[in-house]
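J.: Take a look at this one; I'll ask things after.
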Ligand code: PLP
């Protein structure tokens, strides 16, 4: 571990420590003032803006923490990058088909995000993927006719009818058949409405991929047709004169696939299925590889589950090359390539900003010069352990100290030592633990038994946010997102901490972090300064998090600000959403805020009648209740 001293520290050291230049993808960095910056590219130049300047501008407009900040330029840049990189791969390989990407709505369904993807993606014909009726409803409203729609998921009659109407309106709308049971209903509705559908078949790829979503592929995956079912579907389409409608092959190997070789194997298998469908008489024309393009959350460029051992160009080249080299010997025309990249499109755009409310330290208070005369023998033994630390192996000293402390706790439970004696023993124990921990920094290898000591002594920083609302994947699937202070990088982060949220729930915490040299159970942080907010950012969290957050502790949606950075470095606040009020979150769980208010007001009136409060106090109380009811669910300073 790099020793960090307050006297010598530079933003470059912070950049290395937090790994921002590894995971920041060229978008995030630090300036000489020690503030996180965002870089935006314009055709004629690049602009670098400090996040603290953006925060100041938003605070002047009345926004408060916590805040979800979306940088629209970064979303546009990702759409451009994905489309242009595919186009380059297609050009270089002499591939005859086109790239026809779609954004899977489930990855970020927020209206502002979808609007921006549709608006900016129009130049590339970037479409949308809908996996449910509700997603189709919003996709049809957002996407102009002529746009490409991919319909996944199980489809009931209304879903199918709406998709058929979309086809009639001119959308290139593919019904992806996920199970043989769907086909009869699609064909029945098609005949009834007199609209012929564009059909796709989702297949199960037997090649398995690594990462957190490995169950998405393989024989036992829940979605898609087995080879036997696929042949059944083809036969059924032939019998009913619908084979000409089958134009797309779909597969989705899994999300966040870290290893390119596994993608290559899956793409090869899918290409063989494509060739098989052509051989069986289907016209085809499209091959859809679903999602899976990974985000390098750790910045390590490895096949770690939160990273990837390839870049975007490698991904695009692999897809194009494997399809081409599989189909060329069979003289099959190259299909248009569709991908449904979700996280790789939106992750970089959004960051969560929150302030630290308080810190809990695990530090010994100063110890008395001499122990009280009547001190218990075990308390004396603890003192002895502390005094002989240099002559005994650190792990033996620690074990002895834990044993003394635990016996003293037992004696306390039995009423044999006093509260003050226990307090003294705990304090000496903490002092020993801290001394040992400080010595570990100098060792190459942590002695066994002491691996968790530094983590156990780490400060707890209380952050003004909810893990369950804003970062549910960190809790549900141990997803790692880069987290770091957004300012003060001219000062050494001399503390080690974990971050607890506002929910008072033991799972509501961040205690695994990405640093420049790997994962760490603690995060280097700064002490708080009086009268100054300490702001932290969680980066690359634009995918899935907003969609899945629930209402744990009734901490609702945070405020959202969507900005567009201008070429002169200023920014415009393009869109803003006020976070949920307390009345909003209560109404989501079926309370009626007005009724709550009326009930409370009546109680206050009764209290006046009973002489418990004055009329003036009632007014104050009722006003406070009302303003709280309509206020923000988070901690307001
Ligand atoms: N398409 C389908 C069918 C999916 O199930 C998913 C997510 O799991 C995606 C696309 C998006 O995947 P990713 O975010 O990895 O691009």
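Taken together, the values in this text are just the output of simple stated rules run on the coordinates, not laboratory data. In this text the structure is predicted, and so the values were computed from the model without any measurement. Neighbour counts run over all protein chains shown; Cβ positions are idealised from the backbone, glycine included.
J.: Going highest first, how would you order 36-46, 171-181 by mean Cβ packing within 10 Å? Can you show the working numbers first?
T.: On the way: 36-46: 15.5, 171-181: 21.4.
Packing order, densest peptide first, comes out as 171-181, 36-46.
J.: Mind jotting down the three principal axis lengths of the chain based on Cα atoms? Whole angstrom, largest first.
T.: So the three principal-axis extents are 98, 73, 57 Å.
J.: How far, in degrees from 0 to 90, does helix 51-60 lean away from the longest principal axis of the Cα atoms of the chain, to the nearest 10?
T.: 80 degrees
J.: Using Cα atoms only, what is the angle between the long axis of helix 260-279 and the major principal axis of the chain, expressed in degrees (0 to 90) to the nearest 10?
T.: 20 degrees
J.: Let me make sure I get this right: for the range 468-579, a, b and c are the square roots of the gyration tensor eigenvalues over alpha carbons, sorted descending. Under 1.5 in a/c it's rounded, otherwise prolate if a/b > b/c, else oblate. Which is it?
T.: In terms of gyration-tensor shape, oblate.
J.: Moving on to the next point. Taking 0.36 nm per residue of separation and subtracting the Cα-Cα distance, what length does fully extending residue 554 through residue 84 add? Write down the numbers at each step before the final one.
T.: On the way: separation 470, 0.36 × 470 = 169.20 nm, distance 4.28 nm.
Length gained, residue 554 through residue 84: 164.9 nm.
J.: Subtract the Cα-Cα distance of residue 302 and residue 169 from 0.36 nm times their separation in residues, and report this length gain in nm to one decimal. Walk me through the numbers on the way to the answer.
T.: Values: separation 133, 0.36 × 133 = 47.88 nm, distance 4.53 nm.
Value of the extension gain: 43.4 nm.
J.: While we're here: What FRET efficiency comes out for the pair residue 600/residue 637, r = Cβ-Cβ distance, R0 = 30 Å, nearest 0.05?
T.: Efficiency at R0 = 30 Å is approximately 0.70.
J.: Sorted from largest to smallest, which semi-axis lengths in Å does the alpha carbon gyration tensor of the range 107-194 give for its equivalent ellipsoid, taking the root of 5 times each eigenvalue?
T.: Those come to 24, 14, 10 Å.
J.: Name all residues of the range 78-97 having a backbone nitrogen under 20 Å from the label point set 7 Å from the Cα of residue 321 along its Cα→Cβ direction, giving them as ranges.
T.: 82-97
J.: While we're looking at this one, here's another question. Distance between Cα centroids, the range 302-363 to the range 52-77: provide it in whole Å.
T.: Their Cα centres are 25 Å away from one another.
J.: Taking only Cα atoms, what is the 0 to 90° angle, nearest 10, from helix 419-440's long axis to the longest principal axis of the chain?
T.: Roughly 60 degrees between the two axes.
J.: Report, in cubic angstrom per residue, the convex hull volume of the C-alpha atoms of the range 377-454.
T.: Spread over its residues, the Cα hull of the range 377-454 gives 81 Å³ apiece.
J.: Okay, next question. On a full-extension model of 0.36 nm per residue, what is the gain between residue 607 and residue 115, subtracting their alpha-carbon distance, rounded to one decimal in nm?
T.: Contour length minus the Cα-Cα distance gives 172.0 nm.
J.: Then there's this: Given points 7 Å out from each Cα along the Cα-Cβ axis, report the residue 519 to residue 10 separation in nanometres with one decimal.
T.: Inter-label distance under the simple model: 3.2 nm.
J.: What whole number of Å gives the distance from the Cα centroid of the range 554-576 to the Cα centroid of the range 459-494?
T.: 20 Å
J.: Using a 10 Å cut-off on Cβ atoms, rank the peptides 571-582, 473-484 from the highest mean neighbour count down.
T.: Answer by packing, highest mean first, reads 473-484, 571-582.
J.: Per DSSP helix of 4 or more residues, -39500 (n - 2.57); summed, then divided by the residues of the chain. What does that give at 222 nm, rounded to the nearest 500?
T.: Theoretical 222 nm ellipticity from helices: -12000 deg cm²/dmol.
J.: Let me ask another. How would you order 628-635, 558-565 from highest to lowest mean count of nearby Cβ atoms within 10 Å?
T.: 558-565, 628-635
J.: Counting each pair of different Cα atoms once, what's the Kirkwood radius of the range 95-341 in Å, rounded to one decimal?
T.: Values: mean 1/r = 0.0549 Å⁻¹.
Final number for the Kirkwood radius of the range 95-341 is 18.2 Å.
J.: What is the distance in Å between the Cα centroid of the range 96-163 and that of the range 255-286?
T.: Between the Cα centre of the range 96-163 and that of the range 255-286, the gap is 22 Å.
J.: Roughly what would the spin-label model give for residue 407 and residue 161, points 7 Å off Cα along C-beta, in nm?
T.: 7.9 nm
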